[in-house]
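> Submitted below is the structure of interest, expressed as structure tokens.
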Amino acid sequence: MNLDLRFTGNPATDAASWLTPARHWPALTAATAHLDAPVGALHLGALRHNALDMLRRASGTPIRIASKSVRVRSVIEALLAMPGYHGVLSYTLAEALWLADSIDDLVVGYPTAERSGIRRLATDPALASRITLMVDSPAQLDLIDSVLPPGRRETIRVCLELDASWDAPVLGHLGVRRSPVHDPADAGALAAYITKRPGFTLVGMMSYEAQIAGVVNQPDGRPIDGALNRWMQSRSMPELVERRARAVAAVRAHAELEFVNGGGTGSLELTSADPSITEIAAGSGLFGGHLFDGYAHFTPAPAAAFALDVVRSPSPAHATILGGGWIASGPPAADRVPRIVWPEGLSMVARESAGEVQTPVTGRGASRLEAGDRVWFRHTKSGELSEHLNEFAVVDGGAVVETIPTYRGEGKAFL
């Protein structure tokens, strides 16, 4: 299916159904009632809303689609057809090689050690022109050369990653452990080294400000955490903008960069205001995993969700759902568990929580559930939901208009 994410309706009359749970979730139940669970639903109107809202927040800065937060090829291709989206930030080289038959601008967001993939990339001129590899040390260049040395392969396009974390006074390192290249002088030195090394072309820079883009600043029920996170972000971003500008200048002294990438779903406004940036990588806000409800400055619509069946009632106060243990990556905590969104009044049993095969629930709504009833969940993350489903039912106008395969449905599992 060729998904069309362009808005063609009337904003004044097309009410957002997801704002009214009693309207939205029963409508999804009705639309997908003919499908066996587990059901993955992709609400086309909500996805369109999220895609357009991210463009609004980016204020004209192009968005490179972070594919790990989608993992549905047809959705990625539909987004690339929208003005404002360009290119893909893939998460493995194998994924980039697979996407490259229809997408001509792919940056692998993490360094690779996939030797068979490197060999394929290095021996195919078309692939070598479409795919850019991430590097942050000479050792990664050595690995590529160990597969095929310069002179026996295509020139490899590379992107230098700058560490965007904040070395905060007293608190220390805030951010994620990614690149060892933190100082502008180190970035310039590595750029000089790359440009002098045969077989490589430095074409881009990347820096991911995870402590800003990926940390919620208004978590539900935790006002102190929210205040601390907002304080941290208000100080971290100015430090990064100044340091990133110096790093980009140091690298540009040695290479003509095609792009400077930064940001993420949670920092579109702040990153787009950074004059050093030419594009923003983002994707989680498209499907709207429930982790992204905890931001003060935007609220994604629940575009992707999944439904499971009730199969038993172990007591008058409980119902049991088949499946449910689709736990998200990250620090083990309650916010990594799928969130029950419909019917209302349900909660998981603390001693069992979301189970591998069964998930018992309790609460005021549990006694009304019968075998065969549907319960809707939202996954914590966005793209990780696609790893549990072979396909999404695309719902528009109260009906399933198409089914589209996930990466898993196309037989691909890259990580």
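> Please note which strands (runs of 3 or more DSSP E) are completely contained in the stretch 299-356 and include at least 3 residues that are buried (at least 21 other Cβ atoms within 10 Å of the Cβ) and touching a residue at least 60 places away in the same chain (Cβ under 8 Å).
304-315
> Please determine, by comparing only the residues of the stretch 45-54 that are aliphatic (A, V, I, L, M) and buried (at least 20 other Cβ atoms within 10 Å of the Cβ), which one is farthest from residue 28 (Cα to Cα).
The qualifying residue farthest from residue 28 (Cα to Cα) is 54.
> Restricted to the stretch 253-297, and to residues that are of a type in the set (S, T, N, Q) and within 16 Å of the chain's Cα centre (by Cα), which residue is nearest to residue 205 (Cα to Cα)?
Going through the qualifying residues, I end up with 261.
> Please determine, by comparing only the residues of the stretch 80-96 that are buried (at least 22 other Cβ atoms within 10 Å of the Cβ) and among the hydrophobic types (A, V, I, L, M, F, W, C), which one is nearest to residue 207 (Cα to Cα).
89
> Can residue 218 be described as within 15 Å of residue 296 (Cβ to Cβ), under 21 Å from the mean Cα position of the chain (by Cα) and part of a helix (DSSP H, G or I)?
Criteria not met by residue 218.
> Does residue 67 satisfy being surrounded by fewer than 19 Cβ atoms within 10 Å (Cβ to Cβ) and of a type in the set (Ser, Thr, Tyr)?
Spelling it out, it is not the case that residue 67 is surrounded by fewer than 19 Cβ atoms within 10 Å (Cβ to Cβ) and of a type in the set (Ser, Thr, Tyr).
> A follow-up question, please. Tell me which residues, restricted to the stretch 110-127, are in contact with a helix residue (DSSP H, G or I) (Cβ under 9 Å, 6 or more places away or on another chain), outside any loop (DSSP other than H, G, I, E, B) and surrounded by fewer than 20 Cβ atoms within 10 Å (Cβ to Cβ).
Scanning the stretch 110-127 gives 115, 116, 119, 120, 127.
> Something else about it: With the checklist (1) at negative phi; (2) in contact with a helix residue (DSSP H, G or I) (Cβ under 7 Å, 6 or more places away or on another chain) in hand, flag the one item residue 107 doesn't pass.
(2)
> Okay, next question. Take the residues of the stretch 172-218 that are β-branched (Val, Ile, Thr) and in contact with a Lys or Arg (Cβ under 6 Å, 6 or more places away or on another chain): which is most open to solvent (accessible area, probe 1.4 Å)?
201
The values are calculated or read from the model by the stated rules, or taken from the named source; none is laboratory data. As the structure is a prediction and not an experimental result, all values here were calculated from the model. We place every Cβ from the backbone using ideal geometry, glycine too, and count neighbours over all the protein chains shown. Note: accessible area is taken over every heavy atom of the protein model, side chains too, but ligands, DNA and RNA are not part of it. Shrake-Rupley method; radii C 1.70, N 1.55, O 1.52, S 1.80 Å.
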